[in-house]
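Student: Please find one structure pasted underneath; my questions will follow.
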Amino acid sequence: MKVLQDHKEKFGVDFAKNKQALNDICKINSKSLKNKLAGYITKFIKNEFKAKIEKAKRIANTKEVILEEKQLNTVSDTLPVQASL
C-alpha cells in the first residue's frame, strides 16, 4: 500500500489516530473506505509489532540456551573423570 510505504512513521496501533493520519495525508470521501484503510493499516502495524516481539523472544531464548550449554560445558570440564572398571 503506497500510503503506508510513504508515510509509515505517521501510523501506529491506534485506529482513531490512523484514521486522522489518513485525513492529513489524503482526501478520502467515503467513510467506509477510510475506516477499512485505517483498520487495515492498524492491523498491519499490530501484526508487524507482534512479529518483532516474537523474534526478540526467540533470540533471547536462543541466547539463554547457548549460555546454559556453555555453563554445562564449563561444569563438565571441571568434574574429575571416573575410571571405568
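Student: In region 1-49, what residues are part of a helix (DSSP H, G or I) and of a type in the set (D, E)? Steps first, answer last, please.
Tutor: As a first pass, look at region 1-49 and keep what is part of a helix (DSSP H, G or I): 2-6, 8-10, 15-25, 31-49.
Within region 1-49, D6, E9, D24, E48 meet the criteria.
Student: Name the residues in region 2-42 that are free of Cβ contacts under 8 Å to residues at least 12 places away in the same chain and surrounded by 15 or more Cβ atoms within 10 Å (Cβ to Cβ), would you?
Tutor: I28
Student: So is K63 surrounded by 11 or more Cβ atoms within 10 Å (Cβ to Cβ), charged (D, E, K, R) and under 23 Å from the mean Cα position of the chain (by Cα) or not?
Tutor: Values: surrounded by 11 or more Cβ atoms within 10 Å (Cβ to Cβ): no; charged (D, E, K, R): yes; under 23 Å from the mean Cα position of the chain (by Cα): yes.
In short, no.
Student: State the number of residues belonging to region 1-42 that are of a type in the set (D, E, K, R) and in contact with a Leu (Cβ under 8 Å, 6 or more places away or on another chain). Give the derivation first.
Tutor: Initially, region 1-42 is screened for residues of a type in the set (D, E, K, R), giving 2, 6, 8-10, 14, 17, 19, 24, 27, 31, 34, 36.
Filter again for in contact with a Leu (Cβ under 8 Å, 6 or more places away or on another chain), leaving 34.
The qualifying residues number 1.
Taken together, the values in this text are just the output of simple stated rules run on the coordinates, not laboratory data. Treat the numbers as computed from the prediction; the structure is a model and nothing was measured. In this analysis, Cβ positions are derived from the backbone assuming ideal geometry, glycine residues included, and neighbour counts consider all displayed protein chains.
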